[in-house]
Amino acid sequence: MTSRVTFISPAMNRSLREARFDDGSPIDASGAARAESAAGTLPATDRVLVSPTVRCRETASALGLVALDEPGLRALDMGHWRGRTLDEVGAGEPDTVARWLTDSAAAPPGGESVRDLCERVAGWLDASAEIAGRTLAVVEPEIVRAVAVTILKAPEAAFWRLDVPPLTATEVSGRSGRWNLRLGRPLGTPGTGAGP
């Protein structure tokens, strides 16, 4: 049995533009227009999931998708840093930020570590491997990073070296716990979401 999952990163919003930890901002007009123009290019799927954030839900809607919230694919919990920029947090808590950026087991105050995120996503991938067919999931960029780190068995420090542009598709396919990875095609390009 082969499982296929296409992860789509959300459209642009103010938080992404300002490099701000998610603050619940809606997608902006240009992001919505880009998503709407890509709506007809997505493959047929057996199930559609979404990270339970405003920008992921709005992106799914702009793509013409009816999606179910998937708690296992929720965004990295930024705790007390939610809504702030990295510069703002770094100015007030430089040692905590430095530890968070260099130690995957460190978490923002009241939040979740990168290690915990990667373990959560690995568990979700394991469960997903048991489901045949195609899944499409609109998810926060950090979920795509965690997927790549998990599938490649890369060191968790690689999480910080992966860029996930808005409205790109990252595809995984596999069976019996072995996944293949196809990274970051812009939506609306030939082959997005396609494959055997």
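With the structure loaded, tell me whether Val5 is touching a residue at least 40 places away in the same chain (Cβ under 8 Å) and of a type in the set (Val, Ile, Thr) or whether it fails that test. The answer is yes for Val5. Just one of the numbered conditions (1) within 19 Å of Leu162 (Cα to Cα); (2) modelled with pLDDT of 95 or more; (3) open to solvent by 50 Å² or more (accessible area, probe 1.4 Å) is not true of Ile8: (3).
Tally the residues that are outside any helix (DSSP H, G or I) and either small (Gly, Ala, Ser) or buried (at least 20 other Cβ atoms within 10 Å of the Cβ) (or both), restricting the search to the range 49-64.
Taking the range 49-64 first, the residues outside any helix (DSSP H, G or I) are 49-53, 63-64.
With either small (Gly, Ala, Ser) or buried (at least 20 other Cβ atoms within 10 Å of the Cβ) (or both) added as a condition, the list becomes 49-51, 53, 63-64.
Of the residues in the range 49-64, 6 are outside any helix (DSSP H, G or I) and either small (Gly, Ala, Ser) or buried (at least 20 other Cβ atoms within 10 Å of the Cβ) (or both).
Of all residues in the range 11-48, those satisfying the criterion of being modelled with pLDDT of 90 or more, in a helix (DSSP H, G or I) and within 17 Å of the chain's Cα centre (by Cα) are Gly31, Ala35.
Residues in the range 24-47 that are in contact (Cβ under 8 Å) with a residue 40 or more places away in the chain, open to solvent by less than 50 Å² (accessible area, probe 1.4 Å) and within 10 Å of Ala62 (Cβ to Cβ): how many? Residues in the range 24-47 being in contact (Cβ under 8 Å) with a residue 40 or more places away in the chain, open to solvent by less than 50 Å² (accessible area, probe 1.4 Å) and within 10 Å of Ala62 (Cβ to Cβ): 3 in total.
Scanning the range 71-106 for residues that are open to solvent by less than 80 Å² (accessible area, probe 1.4 Å), among the acidic types (Asp, Glu) and over 19 Å from Leu16 (Cβ atoms) gives Glu93, Asp103.
Does any residue of the range 135-150 turn out to be part of a loop (DSSP other than H, G, I, E, B) and of a type outside the set (S, T, N, Q)?
Of the residues in the range 135-150, the ones part of a loop (DSSP other than H, G, I, E, B) are 139-140.
Then keep just the ones that are of a type outside the set (S, T, N, Q); that gives 139-140.
Within the range 135-150, one or more residues are part of a loop (DSSP other than H, G, I, E, B) and of a type outside the set (S, T, N, Q).
Select from the range 119-134 the residues that are assigned to a helix (DSSP H, G or I) and over 12 Å from the mean Cα position of the chain (by Cα) and list them in ascending order. Full working, then the answer.
First, the residues of the range 119-134 that are assigned to a helix (DSSP H, G or I): 119-128.
Matches in the range 119-134: Glu119, Arg120, Ala122, Gly123, Trp124, Leu125, Asp126, Ala127, Ser128.
So is Arg14 in contact with a Ser or Thr (Cβ under 6 Å, 6 or more places away or on another chain) and surrounded by fewer than 16 Cβ atoms within 10 Å (Cβ to Cβ) or not? Taking the combined requirement at face value, the residue satisfies it. Inspection of the range 121-143 finds no residue satisfying the criterion of being among the basic types (Lys, Arg), closer than 29 Å to Arg47 by Cβ and open to solvent by 60 Å² or more (accessible area, probe 1.4 Å). Among the residues of the range 134-162, not one is without any contact (Cβ under 8 Å) to a residue 12 or more places away in the chain and touching a strand residue (DSSP E or B) at 6+ places or on another chain (Cβ under 9 Å). Considering only the range 107-118, state which residues are open to solvent by less than 10 Å² (accessible area, probe 1.4 Å), more than 13 Å from Thr150 (Cα to Cα) and within 18 Å of the chain's Cα centre (by Cα). Within the range 107-118, just Ser113 meets the criteria. Residue selection: Thr96 fails the criterion of being hydroxyl-bearing (Ser, Thr, Tyr), in a helix (DSSP H, G or I) and within 20 Å of Gly24 (Cβ to Cβ).
The values are calculated or read from the model by the stated rules, or taken from the named source; none is laboratory data. Given the structure is predicted, the values throughout are model-derived calculations rather than measurements. Counting neighbours? That spans all protein chains shown, and the Cβs are built from the backbone with ideal geometry, glycine included. Heavy atoms of the whole protein, side chains included, go into the accessibility calculation; ligands, DNA and RNA do not. Shrake-Rupley method; radii C 1.70, N 1.55, O 1.52, S 1.80 Å.
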